[in-house]
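Nothing in this text is a laboratory measurement; each read-out follows from the coordinates by a stated rule. All values reported here derive from a predicted model rather than from experimental measurement. Cβ placement follows ideal geometry from the backbone for every residue including glycine, while neighbour counts extend to all protein chains displayed.
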Amino acid sequence: MHLPKSSYLFIGFFIFLTNNVLGANSLCNLSEDIIFSCDMKNNKKLSICSKVENKQLTINYKYGEIKNIEMIFPKQNAGNNTLFKYNHYIRYQTDYFRLAFKNNDYLYEIYRNYDGNKVNAGVIVSEPLSTRPYDNMCKTVEIDNISNLSKYINCDTDYALGCASAE
């Protein structure tokens, strides 16, 4: 069967549109699963990406713009999930999740808080000697599967938020 030329144009446009729409939602590569992605109030993106390599889970924090990713943590990949810790608190109409890691003595805390029907999310960056952490808030949350990470990484038992699991 031979398709008319207009069909090829339509298929090509559909592939272009699909790739751009899906790619616009995160900084993750096509080979990675999107765990969390949001558009920041400063017009940048924050994405948590994962994939399984050699039977080990790999997690990456990515921040920046689609054509200019400013930060990827960690640089190494295979089996890096020990670099991250989570906290999770759940009760009726409340779901708080925190994913934390340290990079060059800075503490990064990606958070997603659900209260009733309101969602707040973002990343808090704390400097080692500062008493004022920087809260970079999300404008819109595009993809939110972040609580699924509780199955694969350790809980920070020293943090008051708790260790509820997504299971």
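Here are some notes:
- Here LYS51 passes the criteria (1) over 14 Å from the mean Cα position of the chain (by Cα); (2) surrounded by 15 or more Cβ atoms within 10 Å (Cβ to Cβ); (3) without any contact (Cβ under 8 Å) to a residue 24 or more places away in the chain except the one numbered (1).
- Against the numbered list (1) in contact with a strand residue (DSSP E or B) (Cβ under 7 Å, 6 or more places away or on another chain); (2) not in a strand (DSSP E or B), ASP158 comes up short only at (1).
- Among the residues of the range 93-102, just one is surrounded by fewer than 14 Cβ atoms within 10 Å (Cβ to Cβ) and farther than 16 Å from CYS163 by Cα, namely GLN93.
- When LYS67 is tested against (1) in contact (Cβ under 8 Å) with a residue 12 or more places away in the chain; (2) charged (D, E, K, R); (3) surrounded by fewer than 20 Cβ atoms within 10 Å (Cβ to Cβ), exactly one condition is not met: (1).
- Scanning the range 121-164 for residues that are among the polar types (S, T, N, Q), crowded, with 18+ Cβ neighbours inside 10 Å and in contact with a Cys (Cβ under 9 Å, 6 or more places away or on another chain) yields a single hit, SER150.
- Residue within the range 106-113 that is among the acidic types (Asp, Glu) and within 14 Å of the chain's Cα centre (by Cα) present: yes
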